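The values are calculated or read from the model by the stated rules, or taken from the named source; none is laboratory data. Model, not experiment: these values are computed from the prediction. Methodologically, a virtual Cβ is constructed for each residue, glycine included, from the backbone with ideal geometry; neighbour enumeration extends over all protein chains shown.
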Amino acid sequence: MMKKAIYYGIRDVRVVDVPEPEPGPGQVKVKVKYCGICGSDLHEYLHGLFPESPFGHEATGVVVDVGSGVQGYKAGDRVYAMTPGSYAEYTVCPQDRLIKLSSDMDWTRATVLEPLAGAAYAIDRGGVKADDGVFIAGAGPVGLMILLGLKAMGLKNIYMSEIMEKRRKKAEELGATMVWNPREVKSPLKIKELTAGRGVDVAIEAVGIEQTLKDCLASACYRGKVIVQGIFTERAQVHMLGFVTRETTMYGTNSVNPELALKWLRSSDIRPESIVTSVIPLKAITQRGFDVLAAKSEDEIKILVEP
Ligand SMILES: [Zn+2]
């Protein structure tokens, strides 16, 4: 038997004893080192499941067994397992959702690879270029990973808005050009001021609420792009006139590009692991994990669970 955190419903996640999973054909069994709490998991905790629920999908660990037909993995390999159900001592992962890690990669650094890969996917899908000026609405884990990706690409003008002070400080520490509190400064006006009235080439929504979507639409330049990675649980009402007259292009993004993220880790000095604020035991996943994040604690940015 092993311990596993299972989602039963809104604000109801319990750590229970379940049989250890066995790897089926094409699957690999992993002893989990850490599993990161993703913003999408927090949304499920607070608002219920959404399609293709990936509850507990940011796991790193060591291969302990492989199923039939698996090639290229053996016991002892360090891997990233991008598979749901990994708030557990062991998880099984289809081979095509695994990433092999180098044996010297720090576990904390490795565990934020999936969120960095989400940022990589969004940046690549939106076709962001090295000389673009970018506005990122939100400096939570999503916005900070976007920032690091843009830094790895060499962008010089990256502006961010964020309500929480600790996250603003972190964004500054990680190299944002300028960061402000959108409760004090109107983001589109600030962006106009910083770009001589033009607007930014790309605005990236990393929160998932109406106000930040509006800020992004109003901050992008003529024929600019808006990339949306925030998870929306409520409807957003936007005026489409500016979208039409400024000929904006908007992208929804919801996938990962681990190859690009690994390339950034190798080729730049970015430190995505610095967004990790706590490592907590599995038995504390609700009290010290979800409940703390749900309360919008100023102290936490990214929490890792250690089974
Ligand atoms: Zn995630």
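Looking at the range 173-191, can you tell me whether even one residue there is under 28 Å from Ser274 (Cα atoms) and touching a Gly at 6+ places or on another chain (Cβ under 8 Å)? Among the residues of the range 173-191, at least one is under 28 Å from Ser274 (Cα atoms) and touching a Gly at 6+ places or on another chain (Cβ under 8 Å), which makes the answer yes. For the range 106-138, what are the residues that are in contact (Cβ under 8 Å) with a residue 60 or more places away in the chain, away from the ligand (no atom under 16 Å from the Cβ) and not in a helix (DSSP H, G or I)? Asp106, Gly126, Gly127, Val128, Lys129, Asp132, Gly133, Val134, Phe135, Ile136, Ala137, listed by residue number. The set of residues in the range 201-244 that are in contact with a His (Cβ under 7 Å, 6 or more places away or on another chain) and over 21 Å from Arg167 (Cα atoms) contains only Thr233. Per the listing Asp104, Asp41, the residue uniquely modelled with pLDDT under 95 and buried (at least 19 other Cβ atoms within 10 Å of the Cβ) is Asp41.
Give the residues of the range 264-291 that are out of contact with any helix residue (DSSP H, G or I) (no Cβ under 6 Å at 6 or more places or on another chain) and in contact (Cβ under 8 Å) with a residue 40 or more places away in the chain, sorted by residue number. If the condition is that a residue be out of contact with any helix residue (DSSP H, G or I) (no Cβ under 6 Å at 6 or more places or on another chain) and in contact (Cβ under 8 Å) with a residue 40 or more places away in the chain, then Leu265, Ser267, Arg271, Ser274, Val279, Leu282, Lys283, Ile285, Thr286, Gly289 are the ones that fit. Scanning the range 238-245 finds no residues that are under 21 Å from the mean Cα position of the chain (by Cα) and free of Cβ contacts under 8 Å to residues at least 40 places away in the same chain.
Only one entry of Ile270, Ile231 meets the criterion of being at pLDDT below 95, surrounded by 14 or more Cβ atoms within 10 Å (Cβ to Cβ) and among the aliphatic types (A, V, I, L, M), and that entry is Ile231.
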